[in-house]
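A short worksheet on the structure shown next.
The values are calculated or read from the model by the stated rules, or taken from the named source; none is laboratory data. Since the structure is predicted, the reported quantities are computational estimates derived from the model, not experimental observations. A quick note on method: Cβ atoms are made from the backbone with ideal geometry, for glycine too, and the neighbour counts reach across all protein chains shown.
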Amino acid sequence: MDDIPNDPPRQSLPADAVVIESLDHEGRGIAHRPDGKTLFIDGAITGEVVQYSPWRKKDSYEMAQMTRLLRASPLRTQPRCRHFGVCGGCSLQHIDPVGQVAAKQRVLEDSLQHIGKVRPDYWLPAIHGPAWGYRTRARLSVKRVEKKGGVLVGFHERRNSFIADMESCETLPPRISALIKPLRQLIASMELSAAIPQIEVVATTQVDALVLRHMQPVGEADRQRLRDFADKHHIQWWLQAKGPDTITAFYPPDAPELAYQLTEFGLTMPFRPSEFTQINTEINPLLIRRALQLLQPQASERIADLFCGLGNFTLPIARFAGHVTGIEGSAQLVARAEANAIRNGMSNVAFGVANLFEMTSEQLARLGHFDKILIDPPRDGALAVVQSLGESAPERIVYVSCNPATLARDASILVHEKGYRLVCAGIANMFPQTAHVESVTLFQRNR
């Protein structure tokens, strides 16, 4: 690509040049051809003038790659990772971190306005954290590719299923990034190398764990190689023969437990590698603090935490509320949440298993009245939950979202059908360098 940093006059631009109007939810530049056809252009930033080459053509739109930058945005920066553009793990490294946050705020605004037909009374300041080395969880794919020198360990390439030929990752903690090359060498030396499809990474302040997915039994020679690697690099190995429920600790046997700390709330949260935790442990406590500021739990109140997981929000809320009920679809996570409550000496919490994606008004009513609710669903959102809210619905709902589109859909129901007002909304930059948008919103019931 030929970069031209100067700002050429518009009349001197090529006929096929386009102006980038905004970014989409995956960080691609959006532009329109003179005939009105929409273009989604990888690598382009709002306000830039670019030339492009389509790689997928449809009747109403084209997917394209930027081929020449004619007018650069002041937010454009040099990508930090030498694998950027090939590796599909990141999509926004060419945008200054401040610009990334602004772009994600715009995605949230557009989703609420165009999908939900709602607008908050005011916008919350964005929650910021470290831009690099924040990713404490990752799933690294593994494959032997002889023409690339042996074994590859890393993320998939952009727009295909090949594994990127990478030796480092700037979003992983430096000590984890430094393991990629040794892991390639380790797997290449193992008798089982052709039967290892992935390695799961879990980094904590006490121990860094690697989960080896193996399609065949691990022989003693390979087990010794794993032990030697663990001793040299100070990590813990877990083995996974089949599904997530087969994950077992392997070596060393006396490694510290996997856990993260919520110091502000005096909580220690143990977990297994198969159990969901936020990958950005710097942003997570800030997000919890923001959610509690909006929820304002009181000692006289009964509060529900829906999609509670292992109690990430439930237990901090319980530090201030009279009683908190956590509901989650996974029995394993509920068991973990109950154990975490006991571990932290929490007696004003209770947990239950329920399929919240099939929640009905009758089922919700049987849970009893709640003064307030926190909702933290996966990407599919909480459609059945918001549809189930009836006359006894809570005064206040805090909604933590990882998908602006489903948030906007649910916000539309809350505002236009259930009598709530969207008080405020804002993003938490949970995943810097990627287009992922995490947000928190407050809904107040109109009376």
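The figures follow:
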item	result
Filter result for the condition that a residue is crowded, with 18+ Cβ neighbours inside 10 Å and not small (G, A, S), over D376, D380	D376
Condition met for G390 (under 28 Å from A299 (Cα atoms) and in contact with a helix residue (DSSP H, G or I) (Cβ under 7 Å, 6 or more places away or on another chain))	yes
Residue that is in contact (Cβ under 8 Å) with a residue 12 or more places away in the chain, surrounded by fewer than 19 Cβ atoms within 10 Å (Cβ to Cβ) and among the polar types (S, T, N, Q), where the choices are Q363, Q433	Q363
Residue in the range 244-263 that is surrounded by the fewest Cβ atoms within 10 Å (Cβ to Cβ), counting only those that are assigned to a loop (DSSP other than H, G, I, E, B) and among the acidic types (D, E)	D254
Filter result for A249 (over 18 Å from the mean Cα position of the chain (by Cα), modelled with pLDDT of 95 or more and not assigned by TED's automatic domain parsing to the domain that holds W237)	no
Members of the range 114-129 that are at pLDDT 95 or above and surrounded by fewer than 19 Cβ atoms within 10 Å (Cβ to Cβ)	H114, I115, K117, R119, D121, Y122, W123, P125, A126
Matching residues in the range 175-193 - criterion: being among the hydrophobic types (A, V, I, L, M, F, W, C), assigned to a helix (DSSP H, G or I) and within 30 Å of the chain's Cα centre (by Cα)	I176, I180, L183, L186, I187
Single residue of the range 206-234 satisfying the filter (outside any strand (DSSP E or B) and charged (D, E, K, R)) that is farthest from L140 (Cα to Cα)	E220
Options T277, T281, T246, T268; residue that is among the β-branched types (V, I, T) and without any contact (Cβ under 8 Å) to a residue 60 or more places away in the chain	T246
Residue list for the range 62-76, restricted to those being closer than 23 Å to R158 by Cα and either assigned to a strand (DSSP E or B) or of a type in the set (F, W, Y) (or both)	E62, M63, A64, Q65, M66, T67, R68, L69, R76
Filter result for A241 (surrounded by fewer than 16 Cβ atoms within 10 Å (Cβ to Cβ) and modelled with pLDDT under 95)	no
Tally of residues being surrounded by fewer than 19 Cβ atoms within 10 Å (Cβ to Cβ) and among the small types (G, A, S) across the range 94-103	1
Hits in the range 14-61 - residues which are among the aliphatic types (A, V, I, L, M), in a loop (DSSP other than H, G, I, E, B) and in contact with a Lys or Arg (Cβ under 8 Å, 6 or more places away or on another chain)	A44, I45
Residue match in the range 119-137 (condition: more than 18 Å from M430 (Cα to Cα), outside the structural domain of Q185 (by TED's automatic domain parsing) and either in contact with a Gly (Cβ under 6 Å, 6 or more places away or on another chain) or of a type in the set (S, T, N, Q) (or both))	no
Matching option when the condition is in a loop (DSSP other than H, G, I, E, B), out of contact with any Phe, Trp or Tyr (no Cβ under 8 Å at 6 or more places or on another chain), surrounded by 19 or more Cβ atoms within 10 Å (Cβ to Cβ) and touching a residue at least 40 places away in the same chain (Cβ under 8 Å), among S91, S111, S168	S91
Filter result for I187 (under 30 Å from Q261 (Cβ atoms) and crowded, with 20+ Cβ neighbours inside 10 Å)	no
Single residue of the range 149-164 satisfying the filter (free of Cβ contacts under 8 Å to residues at least 24 places away in the same chain and surrounded by 13 or more Cβ atoms within 10 Å (Cβ to Cβ)) that is farthest from G89 (Cα to Cα)	F162
Subset of the range 137-188 [at pLDDT 95 or above, out of contact with any Lys or Arg (no Cβ under 9 Å at 6 or more places or on another chain) and among the hydrophobic types (A, V, I, L, M, F, W, C)]	A138, L140, A178, L179, I180, L183
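A quick yes/no check of all residues on (1) closer than 30 Å to R445 by Cα; (2) buried (at least 20 other Cβ atoms within 10 Å of the Cβ):
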{"site": "F271", "(1), (2)": "no, yes"}
{"site": "T277", "(1), (2)": "no, yes"}
{"site": "E282", "(1), (2)": "no, no"}
{"site": "P285", "(1), (2)": "yes, yes"}
{"site": "R289", "(1), (2)": "yes, no"}
{"site": "L292", "(1), (2)": "yes, yes"}
{"site": "Q296", "(1), (2)": "yes, no"}
{"site": "A299", "(1), (2)": "yes, no"}
{"site": "I303", "(1), (2)": "yes, yes"}
